[in-house]
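Reading through the structure tokens given below for one structure.
FYI, it's all coordinate maths here, none of it is from the lab. Keep in mind that what you see is a predicted model, and the values were worked out from it rather than measured. Positions of Cβ are generated from backbone atoms using ideal geometry, with glycine treated the same way; all protein chains shown enter the neighbour counts.
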Amino acid sequence: MAIEIEQQPSAVGLSKVAASETHGEDSPYFAGWKAYDEDPYDEHSNPSGVVQMGLAENQVSFDLLEDYLEKNSEASSWGSKEEVSSFRENALFQDYHGLQSFRKAMASFMEKIRGGRAKFDPERVVLTAGATAANELLTFILADPGDALLVPTPYYPGFDRDLRWRTGVKIVPIHCDSSNDFQITPKALEAAYNAAEAKNIKVRGVLITNPSNPLGATIQRAVLEEILDFVTRKNIHLVSDEIYSGSVFSSSEFISIAEVLAAQNYKKAERVHIVYSLSKDLGLPGFRVGTIYSYNDKVVTTARRMSSFTLISSQTQHLLAAMLSDKKFTENYIKTNRERLRKRYEMIIEGLRSAGIECLKGNAGLFCWMNLSPLLEKATREGELALWNSILHEVKLNISPGSSCHCSEPGWFRVCFANMSEQTLEVALKRIHNFMEQQRELKEMMIT
Amino acid sequence: MGFVDRSRENLLSKMATGNGHGENSPYFDGWKAYENDPFDASENPRGVIQMGLAENQLCFDLIQDWIKKNPKASICTPDGVDAFRDRAIFQDYHGLAEFRNAVAKFMAKVRGNRVRFDPDRIVMSGGATGAHETIAFCLANPGEAFLVPTPYYPGFDRDLRWRTGVQLLPVVCESFNNFKVTRKALEAAYERAQEAKIRVKGLLITNPSNPLGTILDRETLRSIVSFINEKNIHLVCDEIYAATVFSEPGFVSVSEIMEEEITCNRDLIHIVYSLSKDMGFPGFRVGIIYSYNDAVVNCSRKMSSFGLVSSQTQHLIASMLSDDEFVDRFIAESAKRLGKRHEVFTQGLDQVGIGYLKSNAGLFLWMDLHHLLKEKTFEAEMELWRVIINEVKLNVSPGSSFHCSEPGWFRVCFANMDDSTMELALTRIITFALQSKELRIQRKRQCWASNRPRLSFSKRRMDDIMMTQSLLSPHSPIPQSPLVRART
């Protein structure tokens, strides 16, 4: 259906892709952002504004990055103040293989995050402008229009756009629920696959996010093995989005699919692809640094060719090559960042608990998965959205409703805690406390 | 860590297993030859000189000077690091306001401030490569088509078609009228599409043209705008070489046509731009979509999530392009240097009678070597091209890779090297041309004489050669050249 432009009765239409709503911006996930944009909290100038807790950003470790830059400005820019010699070479570099020094640095950084338990070959690192581009690109390569990827729910709302919009590929959900802490089960995998088959939809792969967004929890080794078995039996792909791998509070708790493959001598590897980015672990979403790491040669070659549409600025590659090859810096950063995130997590969990709110036991990420189902008037999506609305407009907190993450159980909310100062987090926790107090009082009044 | 594919081709999409990536084109073969034996003035003086890459390397001194004087423009320097945090988190697909303002201003300056650009219509993309693909996604459905005048940039085959499923149909332009884009050619292309039952959604023009290096005159532009209005199809104008116009007549942008009284549906007009050619920053991936259609602005902006410009780079560009004095000086100096290059190069070609299309823009020349073809076929063009790469040691781009309808044309880039390399390249071309002239004359004589051919030199020929000696470097790259022998 073409877009009709009112003022031009004979206007030529745009494409179906342009006219579709698969860009996903009408989801409540984004509506909350608008409310925040219109009335943003500021400690001094707008203390009663909306606190943004719907944005999974990592702002806890900038000082470490700034410190590095101050001490290493020559290495990270184009030379000393006296002599800017490498600018020209850098400005001209548009080879889609990417700067070798940068790929090496990325591979090494990814190894460090996994405590050296997996090895990454720089020749398999393909660069894209962000994980957004990486996920879309992989989908173009692994599936034809009309085919499907299976994705466990709840999942990151952006996938609806990234995996489906321009690719024409469908998402078929793998339903997970709180009965087992939302873990992916072989039964759920089979059910999703069969649901697709019943509709005559060809399944091309499974896409998992590990650690999970929005759950904030890592996937256990046994589950990873089951998933790998499943995709092997069905002869389909496995994409593991490990964008939050550096945000696991304790290094030993994260098992990457790379480790599972290594343990099996890479027997089933050519169907596995890892997506990574520096947007969450390093807090650099503006720099657009994404990567695809594939164990499949043809995928690497094709992905590299497709990356022409979405290369990383050579200026940024140059900066990060220097930064990420600094062993001392990266080791310290990874360790410190983990610590600070863990502290934040503990702070918010404690704060929520004292307000009478329970969360899913998490061990990673920039958010927690909060259970407000006891507060729902109706255990439905509408009930959840009503609650979300009052939290947004009365409590002035933008949190993300589980339904926008396609959660099958109403009442869950994702709450981000790393994109603000500690003071702001305290303000937010206080508001939640007061809100819960009010809710209890209301209930008591209704009973008596 | 090698992983055997074991013919799992069926495991990947049709898009992945097809040839849509376009890398099997001869356009890239020359690059491979260059990569195997790249010229280097000191390390490999007999290597292949890269003349197949349309890069602008003439003004880096100006830029480097500006960078040195403006440490704040880089968020890695002590002066600029204050801005680091804000830039690092900034991923809003609207882009930094300062960036959009600076780009809008730059685009206006390049057009002599004859038009104004609205910063709110500026949408980012992953280079012009990303811009073209995004525009195609916005304007056309799979199976629908864009008309493109030939010869055109080979990258379009991939950029507009690969992942979008959109088709490209040629508007055939010919040398007899200097490859003008005529109304007749446009109508013919449109007709052919109608007959083939292919829905045409738009026309894509590159102005200044790659590979021709020419600009569209006002009358032709108006005629094009009028054509697309009549057919109610989109017009995408790639103005990536706008600032490379180095001599009269001046550049006329489609944006200027929009300012005139012409009755045109503005919703049909879209401009693609980039800093890769005008500034020489292909590595920074600064692509721009500028549309007069609100729905296209909105849609392409959403799609720009797949190819945003690094905020670090936005910061640098915002700073650089808002420096009015620098920008004015840069634009003028860059055009001057390109003009000079073009002049030296064409004068060299004039001396040996190598033809080329008269041009006043771009980073290349559209050279006419059809008289060197064994026969007027594309096979002969390929054969000549292989000789040029392997024996003359120049990577030039054969016209067939640009979908040129006539064999014998070659695009030769001249702005991606220093002066001495250019002189050397010119020398190799001249030497080759003279050699070829000799061979042609010999071949002609063969037809008449029954004796075995011998290389002999008439007095007039000797004069030509002696004159050319002064142009040859003492270290001629072609030791077997008869000209060297003639000296001793």
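Does the stretch B:26-68 come out rounded, prolate or oblate by the C-alpha gyration tensor, with a ≥ b ≥ c the root eigenvalues, rounded set by a/c under 1.5 and, if not, prolate when a/b is larger than b/c and oblate if not? Write out the running numbers ahead of the final one.
Numbers: a/c = 3.83, a/b = 1.80, b/c = 2.12.
It comes out oblate by the Cα gyration axes.
Could you work out how far helix B:378-390 tilts from the main Cα principal axis of chain B, as a 0 to 90 degree angle to the nearest 10?
80 degrees
Could you state the per residue volume, in Å³, of the convex hull enclosing the Cα atoms of the stretch A:379-448? Spell out each step's value before the answer.
Working: hull volume 6.2 nm³, N = 70.
Cα convex hull per residue, to the nearest whole number: 89 Å³.
Say each of residue A:393 and residue A:265 gets a label point 7 Å from the Cα, pointing the same way as Cα to Cβ; how far apart are those two points in nm?
6.3 nm
Quick one: dipole size for the protein assembly as shown, taken about the Cα centre, charges +1 on Lys/Arg Cβ and -1 on Asp/Glu Cβ, in debye to the nearest 20.
On the way: 108 positive and 117 negative charges, 678 e Å.
The dipole magnitude comes to about 3260 debye.
On the principal axes of its Cα set, how long, how wide and how thick is the stretch B:104-190? Give whole Å, largest value first.
Cα extents, longest axis first: 38, 34, 20 Å.
How large is the charge dipole for chain B, taken about the Cα centre, if only the Cβ atoms of Lys, Arg (+1) and Asp, Glu (-1) carry charge, to the nearest 20 debye?
Numbers: 59 positive and 59 negative charges, 307 e Å.
Rounded to the nearest 20 debye, it is 1480 debye.
Provide the packing ranking of A:238-249, A:412-423, A:431-442, i.e. peptides ordered by the mean count of other C-beta atoms within 10 Å per residue, highest first. Present the calculation step by step, with values, prior to reporting the outcome.
Working: A:238-249: 25.9, A:412-423: 21.4, A:431-442: 15.2.
In decreasing order of mean packing, A:238-249, A:412-423, A:431-442 become A:238-249, A:412-423, A:431-442.
What is the average number of partner chain Cβ atoms found within 10 Å of a Cβ in B:124-133? Each step should come with its number before you reach the end.
On the way: counts 0, 3, 11, 7, 0, 6, 6, 1, 1, 5.
Across B:124-133, the average partner-chain Cβ count within 10 Å equals 4.
What's the average, rounded to a whole number, of partner chain beta-carbon atoms within 10 Å of each residue's beta-carbon in A:161-172? Numbers along the way, then the final one.
Numbers: counts 4, 2, 0, 0, 5, 8, 3, 2, 1, 0, 0, 0.
Other-chain Cβ atoms within 10 Å of each residue's Cβ, averaged: 2.
Please compute the Kirkwood hydrodynamic radius over the stretch B:96-146, one decimal place, Å, based on all pairs of different Cα atoms. Mind dumping the intermediate values first?
Working: mean 1/r = 0.0795 Å⁻¹.
Across the stretch B:96-146, the inverse of the average 1/r is 12.6 Å.
Mind checking the log10 I(q)/I(0) for the protein assembly as shown at q = 0.05, 0.07, 0.08 Å⁻¹? Debye, one equal scatterer per Cα, no solvent, two decimals.
-0.32, -0.62, -0.80
Quick one: angle between helix B:183-195 and the longest Cα principal axis of chain B, in degrees between 0 and 90, rounded to 10, please.
Between the helix axis and the principal axis of chain B, the angle is about 70 degrees.
Computed over the Cα atoms of the stretch A:69-195, what is the convex hull's projected area averaged over all directions, in nm²?
12.0 nm²
Quick one: order A:311, B:221 by neighbouring beta-carbon count within 10 Å, fewest to most. Intermediate values should be presented prior to the final figure.
Values: A:311 28, B:221 23.
The order, fewest Cβ neighbours first, is B:221, A:311.
Cα convex hull of the stretch B:153-247: mean projected area in nm², to one decimal? Display every interim value, and only then the final one.
Numbers: hull surface 26.8 nm².
Over every viewing direction, the Cα hull of the stretch B:153-247 projects on average to 6.7 nm².
Quick one: what do you get for chain B if you divide its Cα Rg by 2.2 N^0.38 Å? Numbers along the way, then the final one.
Numbers: Rg = 24.3 Å, N = 488, 2.2 N^0.38 = 23.1 Å.
Ratio of Cα Rg to 2.2 N^0.38 Å: 1.05.
For chain A, take the alpha-carbon Rg, divide it by the Kirkwood Rh, and send me Rg/Rh.
Numbers: Rg = 22.6 Å, Rh = 23.2 Å.
Rg/Rh for chain A comes to 0.98.
In peptide B:317-323, what is the residue-averaged number of other protein chain Cβ atoms found within 10 Å of each Cβ?
On the way: counts 1, 0, 0, 0, 0, 0, 0.
Partner Cβ neighbours, averaged per residue: 0.
Against the globular-protein guess of 2.2 N^0.38 Å, express the Cα radius of gyration of the stretch B:1-141 as a ratio, rounded to two decimals. Working shown, then result.
On the way: Rg = 22.0 Å, N = 141, 2.2 N^0.38 = 14.4 Å.
Compared with the compact-globule rule of thumb, the stretch B:1-141 sits at 1.52.
Compute the FRET efficiency between residue B:108 and residue B:196 as 1/(1 + (r/R0)^6), taking r as their Cβ-Cβ distance and R0 = 41 Å, and round to the nearest 0.05.
Working: r = 41 Å, r/R0 = 1.00.
After rounding, the FRET efficiency stands at 0.50.
Normalise the Cα radius of gyration of the stretch B:315-453 by 2.2 N^0.38 Å (N = residues in it) and let me know the number. Please list the in-between numbers first.
Numbers: Rg = 19.1 Å, N = 139, 2.2 N^0.38 = 14.3 Å.
Normalised Rg, Cα atoms only: 1.33.
Please give the per residue volume of the convex hull enclosing the alpha carbon atoms of the stretch A:271-403, rounded to a whole number of Å³. Mind dumping the intermediate values first?
On the way: hull volume 24.7 nm³, N = 133.
It is 185 Å³ per residue.
Determine ³J(HN,Hα), in whole Hz, for all residues of the stretch A:269-280 in sequence, where each value follows from phi through the Karplus function 6.51 cos²θ - 1.76 cosθ + 1.60 and θ = phi - 60°; x replaces Gly and Pro.
So the J values, rounded to whole Hz, are 5, 5, 9, 10, 9, 10, 10, 9, 6, 9, 5, 9.
For chain A, calculate the relative contact order in percent as a whole number, restricting contacts to Cα pairs under 8 Å that are 6 or more residues apart.
Numbers: 803 pairs, mean separation 102.8, N = 448.
This gives 23 percent for chain A.
Label the stretch B:187-289 by shape, choosing from rounded, prolate and oblate, from the square roots a ≥ b ≥ c of the eigenvalues of the Cα gyration tensor; if a/c is under 1.5 it is rounded, and otherwise prolate applies when a/b is larger than b/c, oblate when it is not. Present the calculation step by step, with values, prior to reporting the outcome.
Values: a/c = 1.87, a/b = 1.52, b/c = 1.23.
Note, shape of the stretch B:187-289 comes out prolate.
Going highest first, how would you order A:224-233, A:269-278 by mean Cβ packing within 10 Å? Walk me through the intermediate numbers first.
Working: A:224-233: 17.9, A:269-278: 25.1.
Most protected by this proxy first, the peptides run A:269-278, A:224-233.
Per DSSP helix of 4 or more residues, -39500 (n - 2.57); summed, then divided by the residues of the protein assembly as shown. What does that give at 222 nm, rounded to the nearest 500? Each step should come with its number before you reach the end.
On the way: 33 runs with 397 residues, N = 936.
Counting only the DSSP helices, I get -13000 deg cm²/dmol.
Taking a temperature of 37 °C and a viscosity of 0.692 mPa s, what whole-number D in µm²/s does Stokes-Einstein yield for the stretch A:407-448 with Rh from Kirkwood over alpha carbon pairs?
262 µm²/s
Calculate how many DSSP beta bridges within the protein assembly as shown are antiparallel, expressed in % of all such bridges and rounded to the nearest 5.
Roughly 50 percent of the DSSP beta bridges within the protein assembly as shown come out antiparallel.
Once phi is turned into θ = phi - 60°, what whole-Hz ³J(HN,Hα) does the Karplus curve with 6.51, -1.76 and 1.60 give for every residue of the stretch B:97-106, x standing for Gly and Pro?
For the stretch B:97-106, the Karplus curve yields 4, 4, 5, 5, 4, 5, 5, 4, 5, 4 Hz.
Tabulate in residue order the Karplus-calculated ³J(HN,Hα) for the stretch A:206-214, using 6.51 cos²θ - 1.76 cosθ + 1.60 with θ = phi - 60°, rounded to whole Hz; enter x for Gly and Pro.
Working through the residues one at a time gives 10, 10, 10, 10, 9, x, 7, 10, x Hz.
Could you tell me the extents of the stretch A:136-270's C-alpha atoms along the three principal axes, largest first, rounded to whole Å?
41, 31, 31 Å, listed from the longest principal axis down.
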